[in-house]
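The values are calculated or read from the model by the stated rules, or taken from the named source; none is laboratory data. None of the values given here were measured: they were computed from a predicted structure. FYI the Cβ positions are ideal-geometry reconstructions off the backbone, even for glycines, and counts take in every protein chain you see.
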Amino acid sequence: MTSVIEVKSLTKRYRDTLAVDDISFSIEKDTIYGLLGRNGAGKTTVMSILTAQNFATRGEVRVFGEDPYENAHVLSRMCFVRESQKYPEDATPRHAFRIARLFFPNWDQDFAERLIAEFQLPLKKTIKKLSRGQLSAVGVIIGLAARAEITFFDEPYLGLDAVARQIFYDRLLEDYAEHPRTVILSSHLIDEVANLLERVIVIDHGRIVMDEDTEAVRDRAANIVGDTAAVEAFVAGREVIHRESLGRVSSVTVLGALSAADRAEIADAGLDVTPVSLQQLIVRSTQHSADAGLEEGALR
Amino acid sequence: MIEEGRPLFVQIAEGVEDSIIDGSLAEQAQAPSTNELAAFYRINPATAAKGIAMLTDKGVLLKRRGIGMFVADGARELLLAERRAAFAERYLDPLLAEARKLGLGPDDLGRLLTERATTDLTEGTPT
């Protein structure tokens, strides 16, 4: 595999806030990534720096092996669909698409028109008069029809209803299958996008807490449910990331894939195993790291 | 259609296997492509490709260069043998565990099994 993006020791500081804290990662060619994490975790900052819309405080960023700053050769191969994209005062969607067509060398006008019809987007209204969902549709259409070699979608679905979001996911998958390219999708709706992602990067407090194949993550954790004493006996010595109990019943989330022997032990003890979705795992890992951080802080 | 907690590509492969076992996908017929599977299950094509690769490794599907994937001769027998071998572990062990919890012995189970099987065959209401 060849990587299209290389990030080394990237740090971004805004006055007193450390938005991105010494992170390193790489992005493989023709792969769909999920960039996940809570609000303020640093996702948008990272994407802005990669697309040269923001400056790094420290560290190195290479896109297609080059520095992206003021590098038209690199920038025309990337598309960044921002959650809060600004357009000129009197612009209409038609204007926005015309500019996108000039800027992106792989732009597919037929595809754009099919998407416009599917999202039922009015072309002649000014963009500032569009609804939040229609505004998101403008971004989604540009991101898909641009067919850029690297496309970033930063929370692209705000205001889009479930049907429109499904149109976006379906068209993304279909078009990616025909025209493989690198896609980095930042989203809060983790369970909704989990099956689209080949790899997930989770950012929490400016640091990377997970960078793995989605398939590998799927059996990384399990909930052990049953009588509290029996559950505690089983999880002793394992890495526990979450605990819940109701009366004498406990549900404990443990990390690590379960072996056949583990499963037999669980069955013998009369316990149940329930799967942990990607969303639950991420919520629990980020809570876990926040708790760990607090404890560390308290010790100092 | 897709469950949590089990590798997706395994579930995709099992879906194709089920069609071969029940005959809806005949031997020598063309199997669904990676992209068709990805679109149908709404999953990443790389995951679908992994499921297909699992089936070619097993000898269930054959790749004909430039044309696509086809169901191999003898694929159905191979899958039946594999599923039968896994049957006890997959279905009987959980059944026995639950039966033990409820105090049902092998004789009770035998009786229940015959009862259910005959009800099913006559498609009548349970007695």
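Closer than 24 Å to residue A:6 by Cα and either in contact (Cβ under 8 Å) with a residue 24 or more places away in the chain or not β-branched (Val, Ile, Thr) (or both): which single residue out of A:174, A:155 fits that description?
Every option except A:155 fails the conditions.
Going by the structure shown, is residue A:72 free of Cβ contacts under 8 Å to residues at least 40 places away in the same chain and on the phi > 0 side of the Ramachandran plot?
Judged against the criteria, residue A:72 is not a match.
Picking from B:38, B:81, B:26, which residue would you name as being of a type outside the set (Lys, Arg) and within 14 Å of another protein chain (Cβ to nearest Cβ)?
Selected residue: B:38, the only one of B:38, B:81, B:26 that is of a type outside the set (Lys, Arg) and within 14 Å of another protein chain (Cβ to nearest Cβ).
Being more than 14 Å from chain B (Cβ to nearest Cβ) and acidic (Asp, Glu) is the filter here; which residues of the range A:134-180 pass it?
A:149, A:154, A:155, A:161
Give the residue, chosen from A:62, A:38, A:82, A:15, that is of a type in the set (D, E, K, R) and at pLDDT 95 or above. Working first, answer last.
Details: A:38 fails: at pLDDT 95 or above; A:82 fails: at pLDDT 95 or above; A:15 fails: at pLDDT 95 or above.
The unique qualifying residue is A:62.
For residues that are within 13 Å of chain B (Cβ to nearest Cβ) and modelled with pLDDT of 95 or more, tally how many sit in the range A:181-195. Can you show your working first?
Applying the first criterion (within 13 Å of chain B (Cβ to nearest Cβ)) to the range A:181-195 yields A:181-183, A:185, A:190-195.
Keeping just the survivors that are modelled with pLDDT of 95 or more gives A:181-183, A:185.
Selection size over the range A:181-195: 4.
Report yes if some residue within the range A:232-242 is under 28 Å from residue A:22 (Cα atoms), of a type in the set (A, V, I, L, M) and assigned to a helix (DSSP H, G or I); otherwise report no. It would help to see each step written out before you state the result.
Residues of the range A:232-242 that are under 28 Å from residue A:22 (Cα atoms), as a first pass: A:239-242.
Filter once more, keeping what is of a type in the set (A, V, I, L, M): A:240-241.
After this cut, where a residue has to be assigned to a helix (DSSP H, G or I) as well, the list is none.
The answer is no, given that none of the residues of the range A:232-242 is under 28 Å from residue A:22 (Cα atoms), of a type in the set (A, V, I, L, M) and assigned to a helix (DSSP H, G or I).
Given the criteria under 21 Å from residue A:185 (Cβ atoms), of a type outside the set (Asp, Glu) and assigned by TED's automatic domain parsing to the domain that holds residue A:202, does residue A:71 qualify? Before you say what the answer is, go through the steps one by one.
Working: under 21 Å from residue A:185 (Cβ atoms): no; of a type outside the set (Asp, Glu): yes; assigned by TED's automatic domain parsing to the domain that holds residue A:202: yes.
Answer is no for this residue.
Among the numbered criteria (1) out of contact with any helix residue (DSSP H, G or I) (no Cβ under 7 Å at 6 or more places or on another chain); (2) over 18 Å from residue B:29 (Cα atoms); (3) within 14 Å of chain A (Cβ to nearest Cβ); (4) modelled with pLDDT of 90 or more, which single criterion is violated by residue B:100?
Going through (1) out of contact with any helix residue (DSSP H, G or I) (no Cβ under 7 Å at 6 or more places or on another chain); (2) over 18 Å from residue B:29 (Cα atoms); (3) within 14 Å of chain A (Cβ to nearest Cβ); (4) modelled with pLDDT of 90 or more one by one, residue B:100 breaks only (4).
Condition (residue is more than 24 Å from residue A:9 (Cα to Cα), touching a residue at least 60 places away in the same chain (Cβ under 8 Å) and among the acidic types (Asp, Glu)) applied to the range A:80-103: is it met by at least one residue?
yes
Scanning for something surrounded by fewer than 19 Cβ atoms within 10 Å (Cβ to Cβ), part of a strand (DSSP E or B) and out of contact with any Pro (no Cβ under 6 Å at 6 or more places or on another chain), does the range A:33-45 turn up at least one residue?
No, every residue in the range A:33-45 fails to be surrounded by fewer than 19 Cβ atoms within 10 Å (Cβ to Cβ), part of a strand (DSSP E or B) and out of contact with any Pro (no Cβ under 6 Å at 6 or more places or on another chain).
In the range A:247-257, which residues are assigned to a strand (DSSP E or B) and more than 13 Å from residue A:231 (Cα to Cα)? Walk me through how you get there before you give the answer.
Initially, the range A:247-257 is screened for residues assigned to a strand (DSSP E or B), giving A:249-255.
Answer for the range A:247-257, where residues must be assigned to a strand (DSSP E or B) and more than 13 Å from residue A:231 (Cα to Cα): just A:255.
Looking at the range A:205-224 only, could you name the residues that are away from chain B (no Cβ under 13 Å), touching a strand residue (DSSP E or B) at 6+ places or on another chain (Cβ under 6 Å) and buried (at least 16 other Cβ atoms within 10 Å of the Cβ)?
A:206, A:207, A:208, A:209, A:210
Here are some conditions: (1) touching a strand residue (DSSP E or B) at 6+ places or on another chain (Cβ under 7 Å); (2) farther than 30 Å from residue A:9 by Cα; (3) within 13 Å of another protein chain (Cβ to nearest Cβ); (4) of a type outside the set (Phe, Trp, Tyr). Residue A:268 meets all but one. Which one does it not meet?
(1)
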